[in-house]
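S.K.: Sharing a structure here in structure tokens format.
The values are calculated or read from the model by the stated rules, or taken from the named source; none is laboratory data. Source: prediction; values computed, not measured. Using ideal geometry, Cβ is built from the backbone for each residue, glycine included, and neighbour counts are taken over all protein chains shown.
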């Protein structure tokens, strides 16, 4: 079991390539390493409901996933595990890919432990992640691609202030051979600053 | 539009598992605490079931206020 409590949250001093550690109210995000992934995570990749809208192949083997984790460098590609801070259980992960030239990041999330669905994990943790991406890493824009019928994911992006930048119609074939639309979302650093400021003012009121 | 707004409140109330009297015409995803990601999923699925439609991508994104749901209901029922 990894000690999540003694680690210090990544601060202004964070440098490219260093592991990332972020603490939300109930959950902890930390640069994922192969040894941190329990065997039980295999069930995530075998669960059709979990994998339905994810761009990772269904039934991927855990050893393949662990090799995949090693390809992330904490510079232009990050993979951050999401732990329930209280019971120290790994419940999912974020991926962040950065395009340096355009100072832009694309993010995605997978919550593998389905009992955590509907508990606000993504909203709570993505706020911390966006703060880090914009204010520590200095990224100008964050984007995401979401399958339109992934209603919960669409809701979460809207809730956090992402704007719909377009829809790619009939862009992906689903497991039954039908077409799926993809929604493109974007969020600028300036807009996130304003939203965070508005929320802080509301909290003061 | 008035009827559509009342319909919107009823459908939203069922998705959020609250009384429709507790929903105002200017409420949205931010003002109603129980409007979370699962409630949003229930909302879209109940619209599809009730009207035998598939909600298109633009509306899946945009149906995040009572007004927007009311307007959408007006469009699909007229």
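S.K.: So in the range B:30-59, with the set limited to residues that are in contact with a strand residue (DSSP E or B) (Cβ under 9 Å, 6 or more places away or on another chain) and surrounded by 17 or more Cβ atoms within 10 Å (Cβ to Cβ), which one is nearest to residue A:120 (Cα to Cα)?
M.R.: B:35
S.K.: How do the pairs read when you match residues in the range B:23-35 that are more than 11 Å from chain A (Cβ to nearest Cβ) and in contact (Cβ under 8 Å) with a residue 12 or more places away in the chain with residues anywhere that are assigned to a loop (DSSP other than H, G, I, E, B) and surrounded by 13 or more Cβ atoms within 10 Å (Cβ to Cβ), using Cβ under 6 Å and keeping only pairs 6 or more apart or on different chains?
M.R.: B:34/B:18
S.K.: Ok, one more. Which of (1) at pLDDT 95 or above; (2) surrounded by fewer than 19 Cβ atoms within 10 Å (Cβ to Cβ); (3) under 16 Å from the mean Cα position of the chain (by Cα) does residue A:113 not meet, given it meets every other one?
M.R.: That leaves (2) as the condition not met.
S.K.: Shifting gears a bit: Could you say which residue among A:182, A:142 is at the interface with chain B (Cβ under 9 Å from one of its Cβ atoms), farther than 19 Å from residue B:30 by Cβ and not in a helix (DSSP H, G or I)?
M.R.: Details: A:142 fails: at the interface with chain B (Cβ under 9 Å from one of its Cβ atoms).
Answer to the check: A:182.
S.K.: Could you tell me whether any residue of the range A:109-119 is assigned to a loop (DSSP other than H, G, I, E, B), over 24 Å from residue B:31 (Cα atoms) and in contact with a strand residue (DSSP E or B) (Cβ under 6 Å, 6 or more places away or on another chain)? Give the derivation first.
M.R.: Let us first name the residues in the range A:109-119 that are assigned to a loop (DSSP other than H, G, I, E, B), namely A:112-113, A:117-119.
Restricting the remaining residues to those that are over 24 Å from residue B:31 (Cα atoms) gives A:112-113.
Still in the running and in contact with a strand residue (DSSP E or B) (Cβ under 6 Å, 6 or more places away or on another chain): A:112-113.
Looking for residues that are assigned to a loop (DSSP other than H, G, I, E, B), over 24 Å from residue B:31 (Cα atoms) and in contact with a strand residue (DSSP E or B) (Cβ under 6 Å, 6 or more places away or on another chain), one finds at least one in the range A:109-119, hence yes.
S.K.: Please enumerate the residues belonging to the range A:158-170 that are surrounded by 22 or more Cβ atoms within 10 Å (Cβ to Cβ) and either within 14 Å of the chain's Cα centre (by Cα) or more than 8 Å from chain B (Cβ to nearest Cβ) (or both). Walk me through it before giving the result.
M.R.: Step one: of the range A:158-170, the residues surrounded by 22 or more Cβ atoms within 10 Å (Cβ to Cβ) are A:158, A:162.
Selection gives A:162 alone.
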